[in-house]
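Engineer: My questions will all concern the structure given below.
We did not get these values from a lab; they are worked out from the coordinates using the rules stated. Quick caveat: nothing in here was measured; it's all calculated off a predicted structure. Every residue, glycine as well, gets a Cβ built from its backbone with ideal geometry; the counts of neighbours run over all protein chains shown.
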Amino acid sequence: MTSEAAARSPGQIALMFGGVAVLFLLTGMFQSWNLALAIMNMALISSIMALGVNMQWGYAGLFSVGTMGFVALGGLAVVLVSAAPVPGAWALGGTGIVVGLILGALSIAAAILAYTRLPKGRVRTLGTTAVLLGGFFLFRAVFDPAVAAVEANNPATAGNLGGLGLPVLLAWPAGGLLAAAVAWAIGKTALGLRSDYLAIATLGIAEIIIAVMKNEDWLARGVKNVIQLPRPLVVPYEVDLQQNAAFLEWAANWGFDPATASSIIVKLLYAALFLTVLLIVIWLSETALKSPWGRMMRAIRDNEVSAEAMGKDVTRRHLQIFILGSAVIGIAGAMMTTLDSQLTPGTYNPLRFTFLVWVMVIVGGSGNNWGSVLGGFLIWWLWVMVEPIGLWLMNMLTAPMADGWLKQHLLESAAHMRLLTMGLVLLLVLRFSPRGLMPER
């Protein structure tokens, strides 16, 4: 079957998106609209993450499993940009931390300069080592006392430097830039590796990013978490809406409970923001994919040797797409932290923020931007709803059974329905539609 013949018709595409929309409508009708909107908001964010992974894998064939790290960096950007600064911490050790970081960066730069300027052999090795060791001890001498002073400043509620106090919408592109900067550093060292080694390297670096965020309390309070992060100015707080006379009058006229109505309105405003970002990313992605640059990236993906023979710089293009995809993932990470109003480094795990996003891309159809969006919505709905549906089914099946170990075991096994369903969906798609629900044309 040719790729053109395997592509879905517009009617089939509309039917698949319509089917996913029905799932959300049924959730609102039979459970609650608040739940349906909460799932939809996270599905919008997950779709943006899937688009970032699709750029790396679907466009260029880069097998990176460091998605979790870039999501976390996006969340960190929200704290650094939008959280209120902590004046006491800055007074005690803020300057020392900044100076220490600058010294660390200068030490690395000096070591690189020494390595490039010194003659090969023992002189280069000894010179570079001496610069690195000297810079390391100087860095620690300045950095460690400053960190201790900052983390001792009211550790129960602060213990960190805080952020710049800027509007949170500015943190979204900042999250993309921070993820892109780290992706550049990773790409310069890891993109020359074979695909399986690249996967191991990116997974390891993602774990290092999470470990740093968990242990460096001065940065974002570590595992103590940063809470009460600001919302976008266009999204009010529910309690403010419930104290607004015009809103209360509107809710009474339509017969809505003020608490429920305020929560729904807030979620709808978030959904409008997330949908706007998703549409912008899709438009840019589709434009790039259909351009000569996009055709070149797919040519590199399909046959690197031929692309190199035609004069294309494969490593440079891989670095380029790796940075772009990571930036998109970082933006999605910043959006998720904004939605949660808190940064919780302990919740970042590869299952949720790497494996699940890859399932979205594979099920939707790698190389197809709209397929990634479809996969994002479908897989996230299943991820949230399968467990309660499984528990309901188990209760129905075990109702006639006598109490005992078998009934208890079956009821407890409902908690594993989520992972079972993800594996089953992935196997079915790979068996009956190996190129995904919406294959690349």
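Engineer: Based on alpha-carbon centroids, what's the gap between segment 80-140 and segment 371-400 in Å, whole number please?
Structural biologist: Their Cα centres are 50 Å away from one another.
Engineer: When the Karplus curve 6.51 cos²θ - 1.76 cosθ + 1.60 is applied with θ = phi - 60°, which whole-Hz ³J(HN,Hα) does each residue of segment 310-317 get, with x for Gly and Pro?
Structural biologist: Each residue of segment 310-317 in turn: 8, x, 7, 7, 5, 4, 5, 5 Hz.
Engineer: Also: In what sequence, highest mean first, do 117-127, 32-42, 102-112 appear when ranked by Cβ atoms within 10 angstrom?
Structural biologist: Working: 117-127: 11.3, 32-42: 19.1, 102-112: 15.1.
The packing order, highest mean first, is 32-42, 102-112, 117-127.
Engineer: Among rounded, prolate and oblate, which fits segment 1-81 when a ≥ b ≥ c are the square roots of the eigenvalues of its C-alpha gyration tensor, a/c under 1.5 means rounded, and a/b larger than b/c means prolate? Present the calculation step by step, with values, prior to reporting the outcome.
Structural biologist: Working: a/c = 3.61, a/b = 1.06, b/c = 3.41.
Verdict is oblate for segment 1-81.
Engineer: Sticking with this structure for a sec: Sort largest first and round to whole Å: the equivalent ellipsoid semi-axes of segment 86-161, each the square root of five times a Cα gyration tensor eigenvalue.
Structural biologist: Numbers: eigenvalues 242, 18, 10 Å².
Semi-axes from the Cα gyration tensor: 35, 10, 7 Å.
Engineer: Using Cα pairs closer than 8 Å and at least 6 residues apart in sequence, work out the relative contact order for the chain, in percent. Numbers along the way, then the final one.
Structural biologist: Values: 658 pairs, mean separation 136.4, N = 441.
Relative contact order for the chain comes out at 31 percent.
Engineer: Between Leu275 and Asn395, take the C-beta separation as r, use R0 = 35 Å, and let me know the FRET efficiency to the nearest 0.05.
Structural biologist: Numbers: r = 36 Å, r/R0 = 1.03.
Given R0 = 35 Å and the Cβ-Cβ separation, E is 0.45.
Engineer: Also, I was wondering about something else. Given axes a ≥ b ≥ c from the Cα gyration tensor, I'd like to know whether the chain is rounded (a/c under 1.5), prolate (a/b larger than b/c) or oblate. Show your work: numbers first, answer last.
Structural biologist: Numbers: a/c = 1.80, a/b = 1.22, b/c = 1.48.
Since a/c reaches 1.5 but b/c is at least a/b, the shape of the chain is classed as oblate.
Engineer: Taking amide H atoms as placed 1.01 Å from N in the peptide plane, list the residues 5 or more away in sequence, or in a different chain, whose amide H sits under 5 Å from that of Val226.
Structural biologist: Amide H neighbours of Val226, under 5 Å, 5+ apart: Leu343.
Engineer: Let me ask another. Taking the highest mean first, how do the peptides 260-269, 54-63, 401-410 order by number of other beta carbon atoms within 10 angstrom per residue?
Structural biologist: Peptide ranking by packing, descending: 54-63, 260-269, 401-410.
Engineer: Further question on the same structure: Whole-Hz ³J(HN,Hα) for each residue in segment 151-161, computed from phi via Karplus 6.51 cos²θ - 1.76 cosθ + 1.60 with θ = phi - 60°, x for glycine and proline: what do you get?
Structural biologist: 6, 7, 7, 6, x, 5, 10, 9, x, 9, 7
Engineer: Still on this structure, please answer the following. Find out how many positive minus negative residues lie around Tyr270, taking Lys and Arg as positive, Asp and Glu as negative, among other residues whose Cβ is under 13 Å from that of Tyr270. Mind showing how you got there, number by number?
Structural biologist: On the way: positive: Arg231, Lys267; negative: Glu238, Asp340.
After counting each charged neighbour, the total is 0.
Engineer: What ranking do 90-100, 167-177 get when scored by the average of other Cβ atoms within 10 Å per residue, highest first?
Structural biologist: Order by mean packing, descending: 167-177, 90-100.
Engineer: Determine the calculated [θ] at 222 nm for the chain from helices alone, applying -39500 (n - 2.57) to every DSSP H run no shorter than 4 residues and normalising by the residue count; nearest 500 deg cm²/dmol.
Structural biologist: Per the formula, -24000 deg cm²/dmol.
Engineer: Okay, moving on. Relative contact order, percent, of segment 86-161 when contacts are C-alpha pairs under 8 Å separated by at least 6 residues?
Structural biologist: Numbers: 81 pairs, mean separation 38.0, N = 76.
Over segment 86-161, the number comes to 50 percent.
Engineer: Chymotrypsin sites (Phe, Trp or Tyr not before Pro), restricted to segment 231-275: which are DSSP loop and have at most 13 other Cβ atoms within 10 Å?
Structural biologist: Values: sites: Tyr237, Phe247, Trp250, Trp254, Phe256, Tyr270, Phe274; in loops: Tyr237, Phe256.
Qualifying residues, ordered by number: Tyr237.
Engineer: If you don't mind, there's one more thing I want to ask. Charges only on Cβ, +1 for Lys and Arg, -1 for Asp and Glu: so what's the dipole of segment 160-315 about the Cα centre, in debye to the nearest 20?
Structural biologist: Working: 12 positive and 13 negative charges, 71 e Å.
Value, rounded to 20: 340 debye.
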